[in-house]
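The values are calculated or read from the model by the stated rules, or taken from the named source; none is laboratory data. What you are looking at is a predicted structure, and each value in this text was computed from that prediction instead of being measured. Cβ: placed from backbone, ideal geometry, glycine included. Neighbour counts: every protein chain shown. Each accessible area value is taken on the protein alone, full model and side chains, heavy atoms only, with ligands, DNA and RNA left out. Shrake-Rupley method; radii C 1.70, N 1.55, O 1.52, S 1.80 Å.
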Amino acid sequence: MDTFNQLLHGFWIAATPVNLLWSLLGVTLGTAIGVLPGIGPSATIALLLPLTFQGDPISAFILFGGIYYGAMYGGSTTSILLNMPGESTSLMTAIDGYQMARKGRAAAALATAAIGSFVAGTIATIALTFVAPVIVSFALKFGPAEYFMLAVLAFSTTTALVGRSITRGLASLAIGILAGFVGLDLQTGQARMTFGAMELLDGFSLSTISVGLFAVGEVFHLALHPQPEEHSTTQPISGKIGMTREDLSRSWRPWLRGTFIGFPLGALPAGGGEIPTFISYFVEKTFSRRRHEFGHGAIEGVAGPEAANNASTAGVLLPLLTLGLPTSATAAIMLSALQGYGLKPGPFLLQDQPDLVWSFVASLLIGNFFLLVLNLPLARVWARMLTIPQPPLLAAILVLSTISTYAISQSAFDLVVLYAFGVLGYFMRRLDFPQTPLIVGMILGPMAEQQFRRAMAISQGDLGVFVSHSLSLSLLIMALLALFGPPMVRILHPFARQTFEKIGTAA
């Protein structure tokens, strides 16, 4: 009951006129960002970080939550109308959504995406509300060894599951950890890797690196390697946005299944939103009596993945708010925002900053309602945004990135860092290096070092402290499985298939 009362208090804060405006602005901006291909919520929040540090953190996080939820929905519009996913999480939506639009059913596809997003987002956010305190009570039992192993687990899962190469993921992680070590050693007070630059004594600014890596790097990449204007024809929206009784009958089960797939998978380290949408699509195809329609305009192929996508968004926020672990690029940027406000992420966040956490959770429910009210009647408006020329849009992002970064520190050195990491972000995209491990390494690297030192001090230098407790040992095993499990499966798969073939032949 205490959780329910805290949520009501969060609604009291989030429902003030100012915060309602921030939420409305967030979901509107987020939807627009999701509609525009190539510009994601992580780059947008990174871009706004320097501008929000001067304000109220509660309002800022209400804005960020609205952007995150809005962008997850916005990607479905381009997937359905243009067959061009605005977000990677909308890839599966494009398969049947665009085919529905080609058959003149764009209105029904957009409606099932909007309503499914609302249903899944609401259920998942309520689950977040009641699961978060349970995880916090469990996390309070962690000691230095457990926290170090938790960071190792985040490192391994982020490296293994984000991107297509573990080697590239490890390289990106190493760069991030090294960047996090720059500055004064918190325990000895000695300068590390500053190369005599006084500006680096406080280390790199997370907001500057985030803006450079995601926003500036993306601008460089899109400017030097522009995408085709339109690789398919934009489909018109005919009729009123809505669903027939048959559409509802075919959609409500996929909405629920997508929700229960998306939330737990999104909460896993590096779970993100892509994997739940893939699983949801194939689950719907497996259970459907109309399998022949999949790939040709099955409404279940839109309803399930869209529900899984939005439910996973709430799932991603669960480890962020309870353990201080980012499991996606956007979560990593939001974690850096917490640190930028001087707040300590982790299980004590709910105790130390209850107004921030519960008003943020309440704003997600409010923003979810705003999304439903806005996106059904404004679908045609979002479709027209696809005609915005890319060059002026990229120029505006670059100018805003420069101004927002300089406005915080008024230091030309930060602009050098901004564009240096922008160039790095460009080459990482070109060479297929994931950016998320870099941010995770920079954020969690110093914390892992500090907890490792504390564990060593408590155990008087005995490394066995990391395997002598069941919890830390379990986290270590999970980290090793995440890192070495996928390669071992790929290696053993051909041998297992041959073995089963031989058994079948013998039988």
Worksheet, complete the sentence: For the stretch 1-73, the percent of accessible surface on carbon and sulfur atoms (probe 1.4 angstrom, ligands and nucleic acids excluded) is 75
Worksheet item: What's the carbon and sulfur percent of the stretch 108-187's accessible surface, probe 1.4 angstrom, rounded to a whole number?
Response: 74
Practice prompt. Provide the per residue accessible area, probe 1.4 Å, for the stretch 112-174, rounded to a whole number of square angstrom.
Written response: 36
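Over the stretch 286-330, give the accessible area per residue in Å² for a 1.4 Å probe, as an integer.
Per residue, the stretch 286-330 has 27 Å² of solvent-accessible surface.
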Response to the item:
By the mean-Cβ-within-10 Å protection proxy, highest first, 247-254, 101-108, 219-226 rank as 101-108, 247-254, 219-226
Discussion item. Taking 0.36 nm per residue of sequence separation and subtracting the Cα-Cα distance, how much length would be gained by fully extending the chain between LEU25 and GLU199, in nm to one decimal?
Written reply: 59.1 nm
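Just subtract the alpha-carbon distance of VAL373 and LEU178 from 0.36 nm times their residue separation and send over the number in nm, one decimal.
Extending this stretch completely gives an extra 65.6 nm.
What FRET efficiency comes out for the pair VAL18/ALA395, r = Cβ-Cβ distance, R0 = 22 Å, nearest 0.05? Walk me through the numbers before you get to the answer.
Working: r = 31 Å, r/R0 = 1.43.
After rounding to 0.05, the efficiency reads 0.10.
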Item to complete: Determine the gain in length on full extension of the stretch HIS469-MET488; use 0.36 nm per residue of separation and subtract their C-alpha separation, reporting nm with one decimal.
Response: 4.1 nm
Fill in: Computed over the stretch 48-152: relative contact order in percent, which uses C-alpha pairs under 8 Å that are six or more apart
15
